[in-house]
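Have a look at the structure below, then the notes.
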Amino acid sequence: MDRTHFFGARGLGTALLAAIALMLGTTDARAGVIDEVKAGVLAHDVGLLGDHVEGGADIMGEVLFASPQFLGPIGAPRPTLGASVNTAGKTDYLYADLTWTGTLWHPMLRPQDGVYVGGALGGAVHDGRLNQSVDDDKALGTRALFHVGVELGYQISAANSVEIYLDHLSNADTSTHNPGLNNIGLRTGFKF
């Protein structure tokens, strides 16, 4: 029996691109509510720190909001919403994180560019299998998973960046099934 995707790769991909395009033109984004948008392509379930079972590539996008003042005491992370759609019909997911970003190096001639590192921590919901692996689908154990992301990037200009991104989803052994899902790839970002 085929599983039913609650996203639908084409529908979500189209909606995600439309949402990013709308955000680029909204007054809220220019007013500082939305700090940055990112989009990219990730290799799905690469087997890093686990087994490679599911195939395909992920088309992903996320919106990073300006950090509210009350998050200042924990390093001013940016609230983040994102989505990842698998091109081979495997596990898709939505996530909500807090994202911390820090600059590692600024060149002396161009102050707007530099190398940065970032980390994100939060939760995700997915449409994958839960308790039975079938047809190269992982059994992820629970519908809600922890989501962790790590990025290493280059700020090309004040507005544009490119980065290597790795994300991990798992239930942290809260279920009998916990194979985890690891994806890695390239993203580009646009800051407002």
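Just so it is clear, none of the values below were taken in a lab; they were calculated from the coordinates. The model shown is predicted, which means the values in this text are computed figures rather than measured ones. Using ideal geometry, Cβ is built from the backbone for each residue, glycine included, and neighbour counts are taken over all protein chains shown.
Structure values in brief
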read-out	value
Farthest positive-ward along segment 79-155 dipole, Cα basis, beta-carbon charges - from Gly149, Gln132, His106	His106
Cα centroid separation, segment 158-192 to segment 83-126 (Å)	7
Residue order, fewest to most beta carbons within 10 Å, for Leu104, Leu121	Leu104, Leu121
Partner lysines for Lys138 [C-alpha distance under 20 Å; skip if fewer than 8 residues away on the same chain]	Lys90
In order through segment 168-184: 3J(HN,Hα) via Karplus (6.51 cos²θ - 1.76 cosθ + 1.60), integer Hz, x for Gly, Pro	9, 10, 6, 9, 6, 6, 8, 9, 5, 9, 8, x, x, 9, 10, 10, 9
Phi-based couplings in Hz for segment 139-144 (Karplus 6.51, -1.76, 1.60; Gly and Pro marked x)	8, 8, x, 9, 5, 9
